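The values are calculated or read from the model by the stated rules, or taken from the named source; none is laboratory data. Small disclaimer: the values here were computed from a predicted structure and weren't measured. As a convention, Cβ positions derive from the backbone with ideal geometry for all residues, glycine included, and neighbour counts pool all protein chains shown.
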Amino acid sequence: MSIASIMSATKRIAAAAIAAGTLFAVAACGSAEAGQSGSQAAAEGGASSQPAKIEVVASINQWGSVAKDLGGDLVDVTEIMTNTNVEAHDYEPTSQDVAKFTGAKVVVVNGADYDPWASKAASSAKATVVDAAETAGVKEGDNPHVWFSAKAREATADAITKAYIAAEPANQAKFEELNKAWKDRETKLESKIKDASAKLSGQPYAATESVAWYLADDLGMTDATPSGYAQASANESEPSPSDLKQYTDTLAGGSIKLLVFNTQEADATTDQITNAAKSANVPIVELTEQMPSQYDDLLDWMDALVDQFAAAVK
């Protein structure tokens, strides 16, 4: 499988009105002093001429972190999904979640039917919508976990920056500067991925769910998940007993060098698979779909995962 594959209520601080009668009652000297005092107040933030922050809503925290990195102190980002204990595909937003889209100027969704509730809420709001999957050419039915893809990360970052510039053209230079800083970090990450691929390229791995397929593909690894199980997982159905036996037998046979385990979709079936991996001394890389709270942002998380993949395969 190849990679083909985050409204508008501006806040302004109102300047305090100066009573006209008082202004005319003072002498010329007093008027000058009043003018000076007003200038000082404006300089100190008493009457700001700067635009309010761009209100941004991101459906999931990993794209929210990118939106923050690219907007700095010029944006205010709200993330809807942040809990790594919630099964992401079946998430049901509250009315409060949906209401958050109403005042946003920019919305970042994942797309590819991963967060359809967010795409629906965004479509009825007056906001610029950045669809991460769409930026990378990933369609509904394709693997939707596009934040693991270097191509999708870069394309989404550029789309977010474009949306920010359209919302606040006066700050174009700052947004372009933040975009460059982010891309410098992404370039370092991709260099690290390239270095790790020297060791991992061609190494067969299996997964309990295809969440990290894009990252493994960027690392040059080969998806050797038994086909029957993989098909059942893709269709969100239960694997048959024979599919499960084939999986555990494959792990016991020693051909699999790494098991990728999505802990957000743990159940009795994945318990059986991970236990088989442990019995066969197959290294396990555990991960989640939503970005864990210990990471600063998406790139920080991806950097740590590359290290985990590289360390797991001997």
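Quick notes on this structure:
- When the range 255-267 is filtered for residues that are surrounded by fewer than 20 Cβ atoms within 10 Å (Cβ to Cβ) and either in a helix (DSSP H, G or I) or modelled with pLDDT of 95 or more (or both), the ones remaining, listed by number, are 255, 257, 263, 264, 265.
- Unique residue being among the polar types (S, T, N, Q), in contact with a Phe, Trp or Tyr (Cβ under 8 Å, 6 or more places away or on another chain) and crowded, with 18+ Cβ neighbours inside 10 Å when the list is 156, 222: 156
- Near pairs, Cβ below 7 angstrom, 6+ apart or cross-chain, from the range 82-104 (in the same structural domain as residue 116 (by TED's automatic domain parsing) and among the aliphatic types (A, V, I, L, M)) to any residue that is modelled with pLDDT of 85 or more and part of a helix (DSSP H, G or I): 88/264; 98/121
- For the range 128-148, the set of residues classified as closer than 27 Å to residue 74 by Cβ and buried (at least 24 other Cβ atoms within 10 Å of the Cβ) consists of 130, 132, 133, 136, 146, 147, listed by residue number.
- Boolean, residue 174 is closer than 20 Å to residue 71 by Cα and surrounded by fewer than 20 Cβ atoms within 10 Å (Cβ to Cβ): yes
- Look at (1) surrounded by fewer than 20 Cβ atoms within 10 Å (Cβ to Cβ); (2) in the same structural domain as residue 229 (by TED's automatic domain parsing); (3) in contact with a helix residue (DSSP H, G or I) (Cβ under 8 Å, 6 or more places away or on another chain) and you find that residue 194 fails only one, number (3).
- Taking the criterion of being of a type outside the set (Gly, Ala, Ser), outside any helix (DSSP H, G or I) and in contact with a helix residue (DSSP H, G or I) (Cβ under 8 Å, 6 or more places away or on another chain), the residues of the range 124-136 that qualify are 128, 129, 130, 131.
- Residues (touching a strand residue (DSSP E or B) at 6+ places or on another chain (Cβ under 9 Å) and either under 16 Å from residue 213 (Cβ atoms) or in the same structural domain as residue 211 (by TED's automatic domain parsing) (or both)) located in the range 114-147: 114, 132, 133, 147
- Residue selected from the range 128-180 under the condition of a type in the set (D, E, K, R) and within 12 Å of the chain's Cα centre (by Cα), by the criterion farthest from residue 111 (Cα to Cα): 154
- Helices (runs of 4 or more DSSP H) fully within the range 137-244 that include at least 3 residues being more than 28 Å from residue 113 (Cβ to Cβ): 172-200.
- Filter result for residue 276 (of a type in the set (Gly, Ala, Ser), modelled with pLDDT of 95 or more and surrounded by fewer than 16 Cβ atoms within 10 Å (Cβ to Cβ)): no
- The residue of the range 120-155 that is nearest to residue 99 (Cα to Cα), among those that are among the polar types (S, T, N, Q) and in contact with a Ser or Thr (Cβ under 9 Å, 6 or more places away or on another chain), is 124.
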